[in-house]
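S.K.: Sharing a structure, written as structure tokens. Questions coming.
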Amino acid sequence: MTQAPAPAATGQSRVPTIRNVDHLAYTVPDLGEAVDFFVDILGAEVLYHLGPVQEPDSDWMTVQLDVHPRASTRICLLRLGPVTNLELFQYTAPGQRLDRPADGDVGGHDLVLDVADLDAARAALGAFEPTGPVGGEGELRDVRSFTVRTPWGMTVVLRQVPERLPFESDGAPGLFRPAPDGAGSPGRVPGLLGVSQVGYTVADLDGSVDFFTDVIGGAVLHRTGRSALLRLGPVTNLELRAATTGRTDRPRNSDVGGHHLAFHTDDPEEAAAYLRTVPGVRVLGEVQLIDDGGPIHGDRWVYFTAPDGFQLEVLNMPPGMPYELGTEARRYGPAPEWRVG
């Protein structure tokens, strides 16, 4: 058994060699439609396509991905702004759920992007019938935002954040604020700065906060009775919310609305060995090496689940991947180190 690292201080990860959130992943009903939305509206760049990924003669899909053994998926990886890799899946699978969870259900989720001028962004997205803009409450009262729904029903929030919020004290971890660096192509939204936050609705808020702070190394920035805002490494804000509506079964990765959160590590085998020692964590199968000569030949990865079933991943994708021969766009990362300030 691997010796677990010593307890981590706030904002430090216990997972060996972790550096940053590597990508956000979502399962959508129509891959082409979703890619078009993120490219045409938000200025994402396509890096590569994969698939179909399937194993008709084995249980590999179940062992490694926790989906039906006869499931099949197509995948697209995009670069969305300065620090975000976005992975989109379209599955076909026996027993697949096509009704995505509502925002208040367990498994509900949203994506938050910061903009320099909220009113200009709202005007540009009028065709999507945005709601708001509205101000926050309490210590978030100076944050202005509005929401749009993607064509398949996913919640995307555009917001404008002041330079300093009341809970951001000197010397303490603060919000990650993206700044444009020229990555991406022009989308419809003027003054788009990039993805700043990812949000998930969970069944056990306290337990989820404990896991993402004690194991993953997040730092709590702001907490209310029904939500918690964490700084998760160098380039991600994470909002965890208590469920408020009736659906309590978390979607599988193969269901519409399925999702996972992935972390770059220098050594996935070492990270997985540690995760196997964490109570309640389930590592799915063994670390896999992609050696098929395709766009991400050389990638090493493995999925795992948090104690509440939240699906996560650790991976290492070395520089000089084959997909780079076909595009000037590049994945973000890795960051120099896991840090929150």
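S.K.: Which whole-percent values make up P(r) of the chain when all C-alpha to C-alpha distances are grouped in 20 Å steps starting at zero?
M.R.: Computed distribution, short to long bins: 31, 62, 6.
S.K.: Please give the net charge around L158, taking every other residue with its beta carbon less than 14 angstrom from that of L158, where Lys and Arg add +1 and Asp and Glu add -1. Don't skip to the end; give the middle numbers.
M.R.: Details: positive: R122, R144, R149, R159, R188; negative: D110, D114, D117, D119, E129.
Counting the neighbours of L158, the net charge comes to 0.
S.K.: Restricting to bridges with both residues inside the chain, how much of the DSSP beta-bridge set is antiparallel, in percent to the nearest 5? Before the final figure, lay out each step's value.
M.R.: Values: 57 of 76 bridges.
Among the beta bridges of the chain, antiparallel pairing accounts for roughly 75 percent.
S.K.: Note down the nm distance, to one decimal, between modelled labels 7 Å out along Cα→Cβ at E286 and at V53.
M.R.: About 1.9 nm, to one decimal.
S.K.: Once you compute Rg and the Kirkwood Rh from C-alpha atoms, what is the Rg to Rh ratio for segment 190-341?
M.R.: Details: Rg = 16.7 Å, Rh = 17.1 Å.
Reported Rg/Rh, Kirkwood definition of Rh: 0.98.
S.K.: Can you run phi through the Karplus equation (6.51, -1.76, 1.60; θ = phi - 60°) for segment 290-305 and list ³J(HN,Hα) in whole Hz, with x for Gly and Pro?
M.R.: With the stated coefficients, segment 290-305 comes to 7, 10, 9, x, x, x, 10, 3, x, 5, 10, 7, 7, 8, 8, 10 Hz.
S.K.: How much area per residue is accessible in the chain when the probe is 1.4 Å and only protein heavy atoms are counted (Å²)? Please list the in-between numbers first.
M.R.: Numbers: 13970 Å² over 341 residues.
I get 41 Å² per residue for the chain.
S.K.: Another question, if that's okay. Gaussian network model of the chain, Cα springs within a sub-10 Å range: biggest mean-square fluctuation belongs to which of L289, L47, L221?
M.R.: For the chain, modelled as a Gaussian network with Cα springs under 10 Å, the answer is L289.
S.K.: Separate question: Using the Karplus curve 6.51 cos²θ - 1.76 cosθ + 1.60 with θ = phi - 60°, work out ³J(HN,Hα) for each residue of segment 90-105 in order, rounded to whole Hz, and write x for Gly and Pro.
M.R.: Result, ordered by residue: 10, 9, 10, 7, x, x, 4, 8, 9, 8, 5, x, 5, 4, x, 7 Hz.
S.K.: Between the alpha-carbon centers of segment 289-322 and segment 57-129, tell me the distance in whole angstrom.
M.R.: 17
S.K.: I need the P(r) histogram for segment 1-100: all alpha carbon pairs, bin width 10 Å from 0 out to the longest distance, whole percents.
M.R.: In whole percents, the pair-distance histogram is 13, 33, 27, 22, 4.
S.K.: Taking every pair of distinct Cα atoms and averaging 1/r, then inverting, what Kirkwood hydrodynamic radius in Å comes out for segment 236-311? Show your work: numbers first, answer last.
M.R.: On the way: mean 1/r = 0.0684 Å⁻¹.
One decimal place: 14.6 Å for the Kirkwood radius.
S.K.: Under 18 Å from a point 7 Å along the Cα-to-Cβ line of T245: which residues of segment 144-158 have their amide N that close?
M.R.: Counting backbone N atoms under 18 Å from the label point, the list is 147-157.
S.K.: If you stretched the chain out fully between D99 and V134, how much longer would it get, using 0.36 nm times the residue separation minus the C-alpha to C-alpha distance?
M.R.: Details: separation 35, 0.36 × 35 = 12.60 nm, distance 2.81 nm.
Answer, rounded to one decimal: 9.8 nm.
S.K.: In whole Hz, with x marking every Gly and Pro, tabulate ³J(HN,Hα) for segment 276-287 from phi via Karplus 6.51 cos²θ - 1.76 cosθ + 1.60, θ = phi - 60°.
M.R.: 5, 8, 7, x, x, 7, 10, 8, 8, x, 10, 4
S.K.: What per residue convex hull volume, in Å³, do the alpha-carbon atoms of segment 107-205 yield? Display every interim value, and only then the final one.
M.R.: On the way: hull volume 12.9 nm³, N = 99.
Each residue corresponds to 130 Å³ of Cα convex hull volume.
S.K.: Could you bin all the Cα-Cα distances of segment 163-233 into 10 Å bins starting at 0 and give me the percent of pairs in each, rounded to whole numbers?
M.R.: 16, 41, 28, 14, 0
S.K.: Helix-derived [θ] at 222 nm for the chain: sum -39500 (n - 2.57) over DSSP H runs of at least 4, divide by residue count, nearest 500?
M.R.: Values: 5 runs with 41 residues, N = 341.
Mean residue ellipticity at 222 nm (helix-derived): -3500 deg cm²/dmol.
The values are calculated or read from the model by the stated rules, or taken from the named source; none is laboratory data. In this text the structure is predicted, and so the values were computed from the model without any measurement. Heads up, the Cβs are rebuilt from the backbone with ideal geometry, glycines too, and the neighbour counts pull from every protein chain shown. Accessible surface is based on the protein model in full, side chains and every heavy atom, while ligands, DNA and RNA are left aside. Shrake-Rupley method; radii C 1.70, N 1.55, O 1.52, S 1.80 Å.
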